[in-house]
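> A single structure is presented below for examination.
The values are calculated or read from the model by the stated rules, or taken from the named source; none is laboratory data. The structure presented is a predicted model; accordingly, all values stated were derived computationally and were not measured. Note that we place each Cβ from the backbone using ideal geometry, even for glycine, and neighbour counts take in every protein chain shown.
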Amino acid sequence: MIAAQHFGSISGGKDSQAVLCRMVERIERKGLAAFGNRAPRFLSADNGHENPITLDHIAYLDDWLRQRTGLRIETVSANDVPGLTDAAAFARKRAMLREEWSKEKRRTRHKGACNQRRAAWQAGTITRAEWTARCNCPVLVSPPVPDPLIKQALGLLHPTGIPFLDMVMLHGRFPGTKTRFCTDETKLIPMMHRKRPLLDAGLSIIDWIGERADESPARAKKPPIQSKRHPTGARRVLYRPIFRWSAADAFAISERHGLKHNPLYTMGMSRVGCSTCIMVRKRELRAWAMRFPAEVDRVREWERLVGLVSRRTAVTGTPASLLPAPTVPGDPADHGRATIDWAIAWSRTGRGGHNYDLFLDLERREADEQGLRCDSEYGLCE
Ligand code: SF4
C-alpha cells in the first residue's frame, strides 16, 4: 500500500456524516492499519456564514468522534491562508479601489449578434479586430466616484475576521451562481491549505467525499474514484465511498450508530451549510426567514456594508444583495436586484410571485402559535 494521508471533510450535512460513520466503522473493524497506520484527519471549514445549528451539530459530531476513536475534527478558515482575507489582501484592495474609483469607468454592453461575434473571437474563429470593428453596442459611462464615498469605502475595507464577509468585501460583491467564489475561497482553499504541505513533501492524500450520484445529473457523471498527480509525484485521490447510495441510505447509517441528524433537516432545509446559501430554494428561504430572524438581520447588515464598497451601489446609496438574480426574481424598480427583504417577501408569495397564498399565511400562523412545524424534505419525521 502507498503511504497516504486520508482526510474526511465534515460539512454538518447528512452525506459527510455518512462518510464519517464509514471511516469510523473501518477504524473500529481494522484499526489504523486500514489507513496505512496513519490516523485519518477530519476537516470542517467555518466561514462565519454557517447556520449556528450546523456549527453546534459539528461540535456534537466532534464529541462523538472523540469518544469512539480519540480523533478530533479540525476547523479550517480562510483566515489561516496568507493573502486570502488578511490585512495584506485588504491593503491591495484599498489601493486598487482608490485608483479605480477616482477615474471614469466605461463599460460596453454587448448585445445580440455582437455577443455571437465575441463568442467567435473567444473560440478563435475570428480576430478581436474583426469582432470590435462591427460593434456599435451602447457604452455605459460611470463618472468618477465622489471623494466622500471613496473615503467611506476605504474606511470599511479592513478585515472583520469573518471570512465570508471579508471575502465579499474584497470582491466588492456577493457571489453569483456562475461566479461561485464562496465555495472555493471559504471552503476548498482553506482545506487545501492544510493538505498542500503533505503533497509538497511527497505524501499522497486520499479525500473521502460525501457526494452521491443521485444528487444531480452533473454529480452522476463523476467517477467514484479520481486521481491526479502532484508535481512531487504524490497523488491526490478523490474517493466517493457513498456514490451509489440514496439519501435514505445516508440517513440510515447514522441511525445505526445512534447519531442525531442535523436538526435543520427537520426544519425543512435540504441544504444545511451557509445561512443562507446563495442558491436557496423558495420554500427554504421562507422557512429560514421564519425561524432565524437574527440571521436575517445579520444578512441585511452585510448587504448594507457590501453596498458601500461596491461602486454601483455606493453611488446609488442602495444595499448589495446576497441572493443572485437566478435564485430570486429581482425588483424591477431596483435594477432587477433582490435584497434579502425583497427576497423574503417574494418567498412568502404563491406560485408566480404575485399573490399572497392563503395556505402560506395559515402555515405562518400555525408556526407562530404552535411552535415550529417539522417539514423535513427527507421524511425524517414520517
Ligand atoms: S453553501 Fe452556498 S453560499 Fe455557502 S459556500 Fe456553498 S454555494 Fe456558497
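> Specify which of the listed residues (K222, K187, K228, K195) is in contact with a strand residue (DSSP E or B) (Cβ under 9 Å, 6 or more places away or on another chain), under 19 Å from A78 (Cα atoms), outside the structural domain of R106 (by TED's automatic domain parsing) and away from the ligand (no atom under 16 Å from the Cβ).
Result: K195 is the single residue among K222, K187, K228, K195 that is in contact with a strand residue (DSSP E or B) (Cβ under 9 Å, 6 or more places away or on another chain), under 19 Å from A78 (Cα atoms), outside the structural domain of R106 (by TED's automatic domain parsing) and away from the ligand (no atom under 16 Å from the Cβ).
> Consider only pairs whose beta carbons are under 6 Å apart and that are at least six residues apart or on different chains; among these, list those whose first residue lies in segment 156-167 and is in the same structural domain as K93 (by TED's automatic domain parsing) and more than 15 Å from G83 (Cα to Cα) and whose second residue is aromatic (F, W, Y) and surrounded by 17 or more Cβ atoms within 10 Å (Cβ to Cβ).
Pairs found: L165/W302.
> Still on this structure, I have one more. Consider C135 against the criteria (1) within 30 Å of R194 (Cα to Cα); (2) in a loop (DSSP other than H, G, I, E, B): it satisfies all of them except one. Which criterion is unmet?
(1)
> To continue, here is another question. Between residues in segment 276-299 that are within 15 Å of the ligand (Cβ to nearest atom) and residues that are among the basic types (K, R), which pairs lie under 7 Å by C-beta distance while being six or more apart or on different chains?
Matching pairs, first to second residue: C277/R271.
> Do we have F35 as free of Cβ contacts under 8 Å to residues at least 40 places away in the same chain, surrounded by 20 or more Cβ atoms within 10 Å (Cβ to Cβ) and not aliphatic (A, V, I, L, M) here?
The answer is no for F35.
> Which residues, counting only those in segment 240-268, are within 16 Å of the ligand (Cβ to nearest atom) and either in the same structural domain as E301 (by TED's automatic domain parsing) or not in a loop (DSSP other than H, G, I, E, B) (or both)?
Scanning segment 240-268 gives L264, Y265.
Quick grid of which residues meet (1) farther than 21 Å from L188 by Cβ; (2) hydroxyl-bearing (S, T, Y); (3) modelled with pLDDT of 95 or more; (4) not assigned by TED's automatic domain parsing to the domain that holds G13:
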residue: F42; (1), (2), (3), (4): no, no, yes, no
residue: G48; (1), (2), (3), (4): no, no, yes, no
residue: D56; (1), (2), (3), (4): yes, no, yes, no
residue: L61; (1), (2), (3), (4): no, no, yes, no
residue: R68; (1), (2), (3), (4): yes, no, yes, no
residue: V76; (1), (2), (3), (4): no, no, yes, no
residue: A95; (1), (2), (3), (4): yes, no, yes, yes
residue: R98; (1), (2), (3), (4): yes, no, yes, yes
residue: E104; (1), (2), (3), (4): yes, no, no, yes
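> Go through segment 32-76 and report how many residues are assigned to a strand (DSSP E or B) and of a type outside the set (D, E, K, R).
Adding up the residues that qualify gives 7.
> Here are I53, I58: which of them is touching a Gly at 6+ places or on another chain (Cβ under 8 Å), among the aliphatic types (A, V, I, L, M) and within 15 Å of the ligand (Cβ to nearest atom)?
Result: I58 is the single residue among I53, I58 that is touching a Gly at 6+ places or on another chain (Cβ under 8 Å), among the aliphatic types (A, V, I, L, M) and within 15 Å of the ligand (Cβ to nearest atom).
> Let me ask something else about it. Name, by its number, the condition in (1) modelled with pLDDT under 90; (2) in a helix (DSSP H, G or I); (3) of a type outside the set (S, T, N, Q) that does not hold for V315.
Result: V315 passes all but (1).
> Let me ask another. Out of the residues in segment 213-229 that are among the small types (G, A, S) and within 23 Å of the chain's Cα centre (by Cα), which is surrounded by the most Cβ atoms within 10 Å (Cβ to Cβ)?
Among those residues, the one meeting the criterion is A213.
> Could you check T177 against (1) in a loop (DSSP other than H, G, I, E, B); (2) within 16 Å of the ligand (Cβ to nearest atom); (3) surrounded by 14 or more Cβ atoms within 10 Å (Cβ to Cβ) and say which number it fails?
(3)
> Now, a different point. Going by the structure shown, is G210 buried (at least 16 other Cβ atoms within 10 Å of the Cβ) and assigned to a loop (DSSP other than H, G, I, E, B)?
yes
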